[in-house]
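**Student:** Before I ask anything, here is the structure I am working with.
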Amino acid sequence: MAKITAGIATSHVPAVGAAIDMGRTEEDYWKPMFEGYEFSKNWIKDNNPDVAIIVYNDHASYFGMEIMPTFAVGVAESFEICDEGYGPRPVPSVEGAPELATHLAASLILDDFDLTVLNVLEVDHGLTVPMSLMFGTPDKWPTKVIPLAVNVVMYPQPSGERCLSIGKAIGRAVAEFDEGLNVQIWGTGGMSHQIQGARAGLINLPWDQKFMDDLINEPEVLQYKPHLEYMREAGSEGVELIMWLIMRGALGDQVEEVYRFNHVPASNTSVGHLILTPKDVA
Amino acid sequence: MKPDFDQFEDLPGTTIFTIEKAREGFHFNEFCMSLRKEENRKRFLADERSYLDEWEMTEDQKQAVLTRDFQKMLDSGGNVYFLSKIFAAEGLSYVQAVSTMTDMDVKEYQAMMLSGGRNIEGWRSKKERGEA
C-alpha cells in the first residue's frame, strides 16, 4: 500500500528560480531566504519520497486561454521544462510516475472530481522552483513527480471546499494503490502577493501566519474562506493559497508541524514554507 | 450558483482576471503566448507594430503594448502572467515591470518591498478609501 508520509507547502516565486540558476543565493538580498530552506534540504535527504504529488499552477506557460482546466493531472513518463519567455530554466526534466498517476486520475474521476488528463505537459516555475528549494541543483531529480495543475489564474478558481475535498480524495486514492510507495504531497504558491495594478507589492504577513495556523489546526473552517477574502487580504495573486488546502486535505485530520518558515520579500512576494506530517505516521 | 463578478469592483488598484475578462482579452493573450518562442520574441522586438498587426487585437490593446502601458493592458483583458511574456522578451524582471503600474519608480518600489511590502492598511477597499 502506498502512503502519504508528509506534506510540504512552499511559495514558488520565479525570481527564486532565477537566483538559483544564476548562482546568486549567497547575495545579501537572497541569503536569508535560502537559509530558511537549509533545514528542509537536510530533512528531505532523510525523507526522500518515491513520488511527490506536486500541486501547482501554470502561469500562462503551458496553458494559455485556449484550454483552461480547473484541475489537471500529468500522467506522462516525463515532463519537459517550459520556456516562460526567458528561455527554459536550466534544470533537469521531471520524471513522471505514470502507474500511480493513472490510478490517481481514475480514482478521482470515479469520486466525482472531473479531472483533465494530461499525457503531454511542460512544467513551469510553479513546479520546478519548489523542487529546487527542496533538492538544490542535482543532475537528476531524486523523486518521481505527479503534477497536479490547478487554475488559480482565472476567476472562478475552484472553491476552498473543493480544494480540501479533492485533497482528501487524493489521500484515499494513494492509500488504495497496491505498490508500497512513500508519497509526499506538496502544495505550492502564495503567500500574500500582488503583482499588478496600483496596489502591487501588497504583503500581509500577519494574515499569512494566521493562514498557516488555520491550515494546520482548522482546515475544516479555513475551507470556507471566500476567494474575495484571499484577494482582498493577501493580494490578487494570494489566491494561489487555495492549493495549500489540497495538500492539507491529503494529510488527514491531525498533523504535526515539523518546520515553518516565513520571509519577506522575495521579489514581490511573502515567502512561506511548511513541512507537515500526518499524526498517525509521526 | 450565480457568479458575482461585481464583488471585485471594491478592491482598490486591482484588476481581477475573470472568465469575462479572459474573453475580452483572448486574442491579446494569444499574442502574449506566442512570445514563449525565441524566434517570435526576436520578430516582435525587431518590428513590434508589424508583429502586433498579425493578431486580432484592438487598436487600444496594440497601443498599450507599444507604449508598455501595463495597466491599460490589464484593463483591456490582459493578465499579468500573459503580460510577463512581453517584459521577459526584453529581459525585464517582474519587479521592474510591476512597479510601473504603481505610483513609484522601481527604486522606491524595491525599497518598499525590502521594508516589508505595501502595508494593507488603507488598501482593503475603495469604500474605505472614499473612492467608491
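**Student:** Membrane-span-like helices in chain B: DSSP H runs reaching 18 Å or more (Cα, own axis), mean Kyte hydropathy at least 1.6?
**Tutor:** Long hydrophobic helices here: none detected.
**Student:** Right, here's the next one. So how far apart, in nm, are the two label points at B:Asp105 and B:Glu24 if each is 7 Å from Cα heading toward Cβ?
**Tutor:** Using points 7 Å along Cα→Cβ, the separation is 3.2 nm.
**Student:** So if each residue of separation counts as 0.36 nm, and I subtract the Cα-Cα distance between A:Tyr224 and A:Lys45, what length gain in nm does that give?
**Tutor:** Gain in length upon complete extension: 60.9 nm.
**Student:** Do the sum for chain B: with -39,500 (n - 2.57) for every DSSP H run of n ≥ 4, divided by all residues, what is the mean residue ellipticity at 222 nm, to the nearest 500 deg cm²/dmol?
**Tutor:** Computed ellipticity for chain B at 222 nm equals -13500 deg cm²/dmol.
**Student:** Quick one: if the Förster radius is 35 Å, what FRET efficiency do B:Glu121 and A:Glu179 give, using the C-beta to C-beta distance and rounding to 0.05?
**Tutor:** In this case the efficiency is close to 0.10.
**Student:** Quick check: the distance between the Cα centres of the range A:214-247 and the range A:39-100, to the nearest angstrom?
**Tutor:** Taking the Cα centre of each part, the range A:214-247 and the range A:39-100 sit 22 Å apart.
**Student:** Can you spot the lysines whose alpha carbon is less than 27 Å from A:Lys210's alpha carbon? Ignore those fewer than 8 places along the same chain.
**Tutor:** Candidates past the 8-residue exclusion: A:Lys31, A:Lys41, A:Lys168, A:Lys225, A:Lys279, B:Lys126, B:Lys127.
**Student:** Would you work out the relative contact order for chain B, in percent, from Cα pairs under 8 angstrom that are 6 or more residues apart?
**Tutor:** About 30 percent, as a whole number.
**Student:** Provide a whole-number value for the mean count of partner chain Cβ atoms within 10 Å of the Cβ atoms in peptide A:51-61.
**Tutor:** Other-chain Cβ atoms within 10 Å of each residue's Cβ, averaged: 2.
**Student:** Follow-up. Give me the inter-chain shielding for B:92-104: mean count of other chain Cβ atoms within 10 Å, whole number please.
**Tutor:** Numbers: counts 2, 6, 11, 7, 0, 3, 9, 3, 1, 8, 6, 1, 3.
Across B:92-104, the average partner-chain Cβ count within 10 Å equals 5.
**Student:** Let me ask another. Test of understanding: extend the Cα→C-beta vector of A:Tyr259 to 7 Å, then name every residue of the range A:122-139 with backbone N under 18 Å from that spot.
**Tutor:** A:128-138
**Student:** Obtain the nm distance between the two label points defined at A:Asn119 and A:Asp21 by a simple spin-label model: each point lies 7 Å from its Cα along the Cα-to-C-beta direction.
**Tutor:** Output for this residue pair reads 3.0 nm.
**Student:** Measure out, as a whole number of angstrom, how far apart the alpha-carbon centroids of the range A:110-141 and the range B:44-65 sit.
**Tutor:** Using only Cα atoms, the two centres lie 33 Å from each other.
**Student:** Once you mark the chymotrypsin sites (Phe, Trp or Tyr not before Pro) that are in a DSSP loop and have at most 15 other Cβ atoms within 10 Å, what is the longest gap between them in chain A? Show your work: numbers first, answer last.
**Tutor:** Working: sites that count: A:Tyr29, A:Tyr224.
Longest site-free region, per DSSP loop and neighbour criteria: A:30-223.
**Student:** Would you calculate a helix-derived [θ] at 222 nm for chain A, using -39,500 (n - 2.57) for each DSSP H run of n ≥ 4 and dividing by the full residue count, to the nearest 500?
**Tutor:** Value at 222 nm, helices only: -9500 deg cm²/dmol.
**Student:** Now, a different point. Which of rounded, prolate, oblate describes chain A, given a ≥ b ≥ c as roots of the alpha-carbon gyration tensor eigenvalues and a/c under 1.5 marking rounded, otherwise prolate only if a/b is larger than b/c?
**Tutor:** The shape class here is rounded.
**Student:** What percent do you get for the relative contact order of chain A when only Cα pairs under 8 Å and 6+ apart count? Please list the in-between numbers first.
**Tutor:** Numbers: 617 pairs, mean separation 86.9, N = 282.
RCO, chain A: 31 percent.
**Student:** Taking R0 as 25 Å, what's the FRET efficiency between A:Ile109 and A:Glu77 from their Cβ-Cβ distance, rounded to 0.05?
**Tutor:** Efficiency at R0 = 25 Å is approximately 0.75.
**Student:** What trypsin sites (Lys or Arg not before Pro) in the range B:1-102 are in a loop by DSSP, with at most 15 other Cβ atoms within 10 Å of the Cβ?
**Tutor:** Passing both the DSSP loop test and the Cβ count: B:Lys37, B:Arg68.
Throughout, read-outs are computed from the coordinates displayed, never taken from laboratory work. Fair warning: this is a prediction, and the values are worked out from it, not measured in the lab. So basically every Cβ, Gly included, is an ideal-geometry build from the backbone, and we count neighbours across all protein chains shown.
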